[in-house]
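Step one of this worksheet: look at the structure below.
The values are calculated or read from the model by the stated rules, or taken from the named source; none is laboratory data. These numbers were taken from a predicted model, which means no experiment stands behind them. Heads up, the Cβs are rebuilt from the backbone with ideal geometry, glycines too, and the neighbour counts pull from every protein chain shown. We work out accessible area using only protein heavy atoms, side chains counted, and drop any ligands, DNA or RNA first. Shrake-Rupley method; radii C 1.70, N 1.55, O 1.52, S 1.80 Å.
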Amino acid sequence: MSNAALGLTMLCLIIVVIMMGFPTAFTLMGLGMLFGFVAFYDPSAPWLDNKIFALMVQRAFGAMNNDVLLSIPLFVLMGYIMERGALVDKMFQSVQLAFRHLPGSLAVTTLVICTFWGIASGLVGAVVVLMGVIAMRPMLNAGYDTRLAAGVITAGGTLGILIPPSVMIIVYAAVAGQSVVKLYAAAMFPGFFLAFLYLVYVIGWCIINPKIAPKLPPEQMKAPISPWVAHISSSYSRFMLPALLMALVSPGKALQGGAQSFDKKWWQILASLTRALAPVILAIATLGAVWWYVTIYSQKDNEAAPVAVAQMTQKSGLAEPSAAGGVQEPSPSSGLQEPPAASGGLQEPPAESALQAPPGAGGVQEPPGAEASAPTETKDEPLREMGAGEATNAPKTEAVPASFYTGFGVVCLVAFALLAYYYYRFNAEQYEIMSMLIHSVAPLAILTFIVLGVILFGITTATESAAVGAAGAFLMAWQAGTLNFQKIKEAVFLTAKTTSMVCWLFVGSALFSAVFAILGGQRLVETWVLSMDLSPMQFLLLSQAIIFVLGWPLEWTEIIVIFVPIFLPLLVIFQIDPILWAVLVFVNLQAAFLSPPVAMSAFYLKGVSPAHVTINQIFAGMMPYMLIVILCMVMMYIWPGLTLWLPKYLYG
């Protein structure tokens with residue numbers, strides 16, 4: 001049997017052995033050792049001198065020396081601390097009251113909490129189990145359809161591996177050798193867009209068929225009002241915002257309520273007013289941050305460039321025409337023509353080397369390749385959009401377009417109208433709901449914003465940000481009073497278990513992929529794909545279809561560490577942007593958690609559901625969300641800016 005045949009046999013055998021139930025990491029290492037021993041076998045040498053043993057040590061050391069993996073245990077610890085601290089119970093009640101007037105309010109609340117909690121923890125199993133315990137029985141008791149309840153929990157719980165900070169993205173970045181920060185930025189909008197599609201589907205289904213999600217009884221749609229808030233509302237105004245303003249100016253009636261005296265201080269009235277103004281503060285902070293970043297911070301390079309050129313011109317004392325001529329002389333050719341400016345005899349070789357540079361610079365882009373790519377320039381432009389313009393000397397940040405100011409003004413007007421409508425209905429009950437949201441949601445929202453913000457804006461690395469998130473999770477759980485030594489020990493143990501699994505996967509994957517390449521399996525796959533004479537679009541569809549099918553029997557870990565490295569070299573040949581392809585894989589792998597028979601989220605939910613909920617009902621509830629995943633991928637290709645705009649804007 002030839003080496004290439006051995007490589008294909010190894011690839012097919014790994015799928016069979018994993019489906020038989022053997023551990024993935026040790027299966028990868030075992031097959032890599034076995035086939036590598038055959039590949040390196042030398043009858044004249046002792047079997048202990050086989051090179052496979054040295055390769056195993058080198059690959060294991062290389063995997064453990066990967067700095068990207070340092071952030072995995074910290075992000076996992078952050079998720080387990082928040083899960084063990086039971087910080088989501090109060091959040092579910094407050095968010096449910098906030099969405100109580102929407103169709104299927106419990107399902108909408110479950111989806112929102114799953115999305116929000118998945119962002120904070122990044123753990124699919126923990127989110128599905130936790131939401132199954134908290135939301136499954138209330139939805140079933142309210143008369144919700146079992147398929148609706150199961151589908152919302154399983155689909156919403158899987159969003160944690162797509163929306164940053166995600167452990168899956170870190171694993172992919174380590175396997176593919178790409179930037180975690182760019183992948184985080186690219187996955188941000190598609191993740192929220194997929195959550196939005198889920199939300200539209202749930203609300204639309206509840207509107208079309210109201211029987212699947214009956215309205216809650218009135219007593220479950222009312223928020224409890226404290227005596228002091230009721231006293232403020234009755235003493236000043238039924239609208240809480242002017243009532244609190246009047247109480248702040250004239251606090252007499254607010255502090256003493258006739259026969260009942262409230263133990264309140266003036267600064268507590270001020271704090272209540274601040275809570276009431278939270279939507280205004282959030283809107284001003286968000287719009288102000290966008291304005292500052294787009295019009296001021298991002299334009300520093302553009303403003304500094306003319307100043308620097310002017311200062312250099314003044315220092316050199318050269319006239320403008322000569323300076324322009326000096327800059328324009330080398331620009332048509334390579335940057336090696338400064339010496340020829342002094343000696344004309346040396347200009348002949350650079351001219352020849354300049355003609356030889358294009359073939360040497362891109363061996364794949366010989367004239368036939370260039371001719372082949374020319375007709376597909378407009379057809380497959382979304383696949384290569386990220387690479388456009390990277391080799392220019394212009395400022396990385398484009399000038400602020402006039403449309404931004406128009407759009408920003410429209411957004412400000414819309415925000416003002418929404419705030420006016422909200423405060424027109426802002427009574428005592430709305431104030432209590434706002435207070436509950438601030439106490440339950442705001443700490444987690446602030447922590448998540450800090451963790452993501454410092455990564456995306458380049459303030460810290462992913463590892464440092466993960467450390468901040470883990471420390472913040474400890475502080476939140478400690479402040480809530482729900483954390484004890486036993487729960488900390490459980491969180492640390494689960495973190496060590498998960499991290500060990502990921503690290504062993506990397507060691508096994510590194511050895512497996514090295515032996516597969518040595519046997520010529522990678523070259524054989526490339527030759528087979530190129531013989532099909534596919535266009536970039538056809539290859540994109542083929543690769544994503546293969547990953548989608550593999551998601552039915554395999555988990556995302558096996559797909560990323562085994563099959564993604566096979567496709568990566570082909571992206572260069574077909575000139576497909578690796579960032580766009582990676583995010584398509586992330587969205588595609590959502591189906592791996594929703595596709596039977598190895599739909600792990602279904603089994604997670606079944607373990608905490610009532611006995612009458614069958615696994616087939618859970619599978620039936622998940623199926624529509626698989627179609628939504630495919631729709632999201634189609635939208636990502638049709639509109640590549642959904643994926644590529646943010647990393648291109650932030651990092652050029």
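Points to keep in mind about this one:
- Within the range 406-424, being free of Cβ contacts under 8 Å to residues at least 12 places away in the same chain and either open to solvent by less than 50 Å² (accessible area, probe 1.4 Å) or within 24 Å of ILE113 (Cβ to Cβ) (or both) holds for GLY407, GLY409, LEU418.
- Any hit, the range 448-470, residues being in a helix (DSSP H, G or I), over 30 Å from GLY652 (Cβ atoms) and either of a type in the set (A, V, I, L, M) or open to solvent by 40 Å² or more (accessible area, probe 1.4 Å) (or both): yes
- Residue within the range 188-206 that is open to solvent by less than 50 Å² (accessible area, probe 1.4 Å) and more than 30 Å from PHE586 (Cα to Cα) present: no
- Contacts under 6 angstrom Cβ, first residue in the range 505-518 being free of Cβ contacts under 8 Å to residues at least 60 places away in the same chain, partner assigned to a helix (DSSP H, G or I) and surrounded by fewer than 21 Cβ atoms within 10 Å (Cβ to Cβ), 6 or more apart: SER513/PRO565
Yes or no, residue by residue, for (1) of a type in the set (D, E, K, R); (2) buried (at least 20 other Cβ atoms within 10 Å of the Cβ); (3) out of contact with any helix residue (DSSP H, G or I) (no Cβ under 7 Å at 6 or more places or on another chain):
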{"site": "ASN3", "(1), (2), (3)": "no, no, no"}
{"site": "THR9", "(1), (2), (3)": "no, no, yes"}
{"site": "GLY32", "(1), (2), (3)": "no, yes, no"}
{"site": "TYR41", "(1), (2), (3)": "no, no, yes"}
{"site": "LEU48", "(1), (2), (3)": "no, no, yes"}
{"site": "ALA54", "(1), (2), (3)": "no, no, yes"}
{"site": "GLN58", "(1), (2), (3)": "no, no, yes"}
{"site": "PHE61", "(1), (2), (3)": "no, no, yes"}
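- Helices (runs of 4 or more DSSP H) contained entirely in the range 521-592, each with at least 1 residues that are surrounded by fewer than 16 Cβ atoms within 10 Å (Cβ to Cβ): 521-531, 536-550, 564-573
- Every condition in (1) more than 22 Å from the chain's Cα centre (by Cα); (2) not in a helix (DSSP H, G or I) is met by TYR422 except one, and the failing one is (2).
- Taking the range 594-648 as the range and being among the polar types (S, T, N, Q), in a helix (DSSP H, G or I) and closer than 12 Å to THR154 by Cβ as the test, the residues that pass are SER601, GLN617.
- Of all residues making up the range 625-645, the number that are in contact with a helix residue (DSSP H, G or I) (Cβ under 6 Å, 6 or more places away or on another chain) and over 18 Å from ILE576 (Cα atoms): 5
- Boolean, PRO597 is within 29 Å of ALA25 (Cβ to Cβ) and open to solvent by 50 Å² or more (accessible area, probe 1.4 Å): yes
- Of the helices (runs of 4 or more DSSP H) lying entirely inside the range 168-266, the ones with 1 or more residues being touching an Asp or Glu at 6+ places or on another chain (Cβ under 7 Å) are found at 227-235.
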